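The values are calculated or read from the model by the stated rules, or taken from the named source; none is laboratory data. Here the structure is a predicted model, which is why all the values come from computation and not from measurement. Neighbour counts are summed over all protein chains in view; Cβ atoms, including those assigned to glycine, are modelled from backbone coordinates with ideal geometry. Note: accessible area is taken over every heavy atom of the protein model, side chains too, but ligands, DNA and RNA are not part of it. Shrake-Rupley method; radii C 1.70, N 1.55, O 1.52, S 1.80 Å.
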Amino acid sequence: MLKEIKSDIYHLLHPKMAFFLTSISKDGKPNVMTCAWATPVSDEPPIVAVCVSKESYTAELIKQSKEYVINIPIKKQLKALWICGSSSGRKTDKFKKAKIKTSSATKVNVPIISDCIGHIECKLWKTVDAGECYAFFGKVLSANADERYFQKGVWTEEAGIPLHLGGPRMVYFK
């Protein structure tokens, strides 16, 4: 028997891949947050959307720089995901706190996270007001994946991609 769900609608669409979303201020200060709300919205041209709270520092930075990077982590980065999802970059250097190493992206000024197994570099195309969030639609300028873990167009089980279950719960699949 089906039960009507009113307050937990978004849980019906979980689990989702947890990832690091990197951004940068207009004066070059990088930021990172943990996110799980991303989706491809077009293949031609390639466009992906991320949804971020309007109140977040990340939303402010994406609106400033018009760029962002989706960084796909592995299970050994669970602690860093937790740290980056539980504090604000306005007051904390989350890269330092979570011991995250960065390197330069190929097409945007936003840094990539070196230990991640995939990166999607985006240039902001459109921003949509979506309730308490902004939906940032980004044209994909570059997308890279570690070929040890991404084969024949899918992530392998060995990748150990962390999944967000909704709320404070996160796991990785085996």
Discussion item. Could you tell me how many of the residues in the range 132-174 are basic (Lys, Arg), under 24 Å from Ser53 (Cα atoms) and modelled with pLDDT under 90?
Written reply: 1
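Conditions (1) under 25 Å from Trp155 (Cβ atoms); (2) among the basic types (Lys, Arg), marked per residue:
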{"position": "Asp43", "(1), (2)": "yes, no"}
{"position": "Cys51", "(1), (2)": "yes, no"}
{"position": "Lys63", "(1), (2)": "no, yes"}
{"position": "Ile74", "(1), (2)": "yes, no"}
{"position": "Lys79", "(1), (2)": "yes, yes"}
{"position": "Phe95", "(1), (2)": "yes, no"}
{"position": "Ile100", "(1), (2)": "yes, no"}
{"position": "Thr106", "(1), (2)": "yes, no"}
Worksheet item: Out of (1) open to solvent by 40 Å² or more (accessible area, probe 1.4 Å); (2) within 16 Å of Pro30 (Cα to Cα); (3) in contact with a strand residue (DSSP E or B) (Cβ under 6 Å, 6 or more places away or on another chain), the odd one out for Ala143 is which?
Response: (2)
Item to complete: With respect to Val69, determine if the residue is within 13 Å of Cys122 (Cβ to Cβ), out of contact with any Ser or Thr (no Cβ under 7 Å at 6 or more places or on another chain) and either touching a residue at least 12 places away in the same chain (Cβ under 8 Å) or in a helix (DSSP H, G or I) (or both).
Response: no
Discussion item. Here's a check for you: in the range 35-49, which residue that is part of a strand (DSSP E or B), of a type outside the set (A, V, I, L, M, F, W, C) and more than 15 Å from Cys133 (Cβ to Cβ) is nearest to the chain's Cα centre (by Cα)?
Written reply: Pro40
Fill in: Answer from Val52, Val32 - the residue that is open to solvent by less than 70 Å² (accessible area, probe 1.4 Å), under 14 Å from the mean Cα position of the chain (by Cα) and either under 17 Å from Thr127 (Cα atoms) or of a type in the set (D, E, K, R) (or both)
Val52
Worksheet item: For the range 87-101, how many residues are outside any helix (DSSP H, G or I) and touching a residue at least 24 places away in the same chain (Cβ under 8 Å)?
Response: 5
